[in-house]
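Okay, here's the structure, questions in a sec.
The values are calculated or read from the model by the stated rules, or taken from the named source; none is laboratory data. Note that the coordinates shown come from a computational prediction; the quantities given were computed from them, not determined experimentally. Ideal geometry is used to build each Cβ from the backbone, glycine not excepted, and the neighbour counts take in all protein chains shown.
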Amino acid sequence: MTSMVTLIDYEHAAPRVRAVYDDIMATRKTNHVNNFWRALAHDPETLEATWTRMKRLLGSGSEGTLDPLTKELIYLAVSISNGCEYCVRSHAAAAQRKGLTEAQYTEMLAVVGLANETNRLAVGYQVPVDDSLK
């Protein structure tokens, strides 16, 4: 797939974008900025806001009651349902780094498939929500 925008490299980035790139690299302990962030760099406000939310919700020191692998599995399931190859690959790799096994991945795919199937059936049949579920 060809990007709709030029991916902005560090050396061509505005200072505001470089600051986010620096934080991404420091947080992830790498010298590489992924293509997703390099595309978002065209809109520094969106880049900053998205990175801040990503770091807060999925970062290694993220807070919350869900464990890091569960968060990645949720992200991965939604990415699969939305058909986002980039996000599927990115978050599958992140989930593997957090301990995802092949058996867990297979089971998650079965749940995603079942949820998509039953969701479409409920929508197609226009099933009214039970009073007990309201």
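Look at residue 115 and say whether it is at negative phi, modelled with pLDDT of 95 or more and surrounded by 15 or more Cβ atoms within 10 Å (Cβ to Cβ).
Spelling it out, it is not the case that residue 115 is at negative phi, modelled with pLDDT of 95 or more and surrounded by 15 or more Cβ atoms within 10 Å (Cβ to Cβ).
Same structure, new question: Scan the stretch 36-52 and tell me whether some residue there is at negative phi, surrounded by 11 or more Cβ atoms within 10 Å (Cβ to Cβ), in contact with a helix residue (DSSP H, G or I) (Cβ under 7 Å, 6 or more places away or on another chain) and in contact (Cβ under 8 Å) with a residue 40 or more places away in the chain.
yes
Quick check on the stretch 79-109: of everything there that is among the hydrophobic types (A, V, I, L, M, F, W, C) and outside any helix (DSSP H, G or I), which residue is farthest from the chain's Cα centre (by Cα)?
Across the stretch 79-109, the extreme among qualifying residues is 100.
Here's another thing I want to ask about it. From the list 59, 83, pick out the single residue that is on the phi > 0 side of the Ramachandran plot and surrounded by fewer than 18 Cβ atoms within 10 Å (Cβ to Cβ).
Of the residues listed, the single one that is on the phi > 0 side of the Ramachandran plot and surrounded by fewer than 18 Cβ atoms within 10 Å (Cβ to Cβ) is 83.
Only one of 76, 66 is part of a loop (DSSP other than H, G, I, E, B) and either closer than 30 Å to residue 120 by Cα or over 17 Å from the mean Cα position of the chain (by Cα) (or both); which?
Sole residue among the options that is part of a loop (DSSP other than H, G, I, E, B) and either closer than 30 Å to residue 120 by Cα or over 17 Å from the mean Cα position of the chain (by Cα) (or both): 66.
Just checking, how many residues over the stretch 26-51 are modelled with pLDDT of 95 or more and not in a loop (DSSP other than H, G, I, E, B)?
Qualifying residue count, the stretch 26-51: 15.
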